[in-house]
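The values are calculated or read from the model by the stated rules, or taken from the named source; none is laboratory data. What you see is a predicted model, and the numbers here were worked out from it, not measured in a lab. Cβ: placed from backbone, ideal geometry, glycine included. Neighbour counts: every protein chain shown.
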Amino acid sequence: MAEGQIRFDDGAAYERYMGNWSRRAGTIFLDWMAAPSGLKWIDVGCGNGAFTELIVELCAPTEVHGIDPSEGQLAFAYKRPAARLAKFGRGDAMALPFPADTFDVATMALVIFFVPDPGKGVAEMARVVRPGGMVAAYAWDILGGGFTLEPIRIEMRAMGLTPLNPPSVEASRIEAMRELWTGAGLDAVETREITVQRTFANFEDFWATSMLGASIGPTVAAMSPADVELLKTRVCARLPADAAGRITYGSRANAVKGRVPK
């Protein structure tokens, strides 16, 4: 599987494709974090604000800052109900635009495998969190077959095609996440798997939604019509529908959390 350039610049398309998955996994992740209310949060790589909105809805923060490099994603985030509290802005995960000890909690949701130097990203989150505060992340288990588009990726590989991977895909392994957190000097490091399911109205709903994914859509768009039809046939056979024609399958993420030493 090759690494490649995967960009998310369309906030609305990302919402339809990944927003639903993100909320399902993010709800479990935030419950596991068990952070009390009344804290200051930073959401690193906030994208279109899907996870930031969960923080606002579920964690009763006093302040939330969402940082992302994509203006297209941020434009969608600005329009979310969460923007009544959350502040969104451009920023680099490896050089966060905040002083040390600014926040109580730093999170990175479905992002760590996009950070060119994941170790630097974790170190930056630890830097801007006060002593005793929490640093946490979750990411799809791409190398372990847990990615949301894995049914398509399996059939693409069987056809001799190479799905794109994020540039730092190794960082999504649960062992790698633990090493990154301990390597950043964080205490009380814990990891877990998060498994979620999603149901689509029918195969065409699943396919159209999946094509919005930046790691699949461009590759499929470059295929011949005959190969696209063959790929769809193979994937459809892999995802049997229920009596109402609905398609349901699961995905898996790896999660990690730790504390900044006091």
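Considered as a group, the residues in the range 149-168 that are modelled with pLDDT of 95 or more and β-branched (V, I, T) include one that is farthest from the chain's Cα centre (by Cα), and that residue is I154. Applying the condition of being among the polar types (S, T, N, Q) and either at positive phi or part of a loop (DSSP other than H, G, I, E, B) (or both) to the range 203-228 and asking which residue is modelled with the highest pLDDT yields S224. One residue stands out among those in the range 124-175 that are assigned to a helix (DSSP H, G or I) and small (G, A, S): the one that is surrounded by the fewest Cβ atoms within 10 Å (Cβ to Cβ), which is A158.
Being within 21 Å of F147 (Cβ to Cβ), surrounded by fewer than 18 Cβ atoms within 10 Å (Cβ to Cβ), in contact with a Gly (Cβ under 8 Å, 6 or more places away or on another chain) and of a type in the set (S, T, Y) is a description that applies to T195. Among strands (runs of 3 or more DSSP E) lying entirely in the range 63-123, which contain 1 or more residues that are crowded, with 16+ Cβ neighbours inside 10 Å and without any contact (Cβ under 8 Å) to a residue 60 or more places away in the chain? Ranges flagged: 63-68, 87-90.
Just one of the listed residues (D187, D205, D242) is acidic (D, E), without any contact (Cβ under 8 Å) to a residue 24 or more places away in the chain and closer than 30 Å to D31 by Cβ, namely D242.
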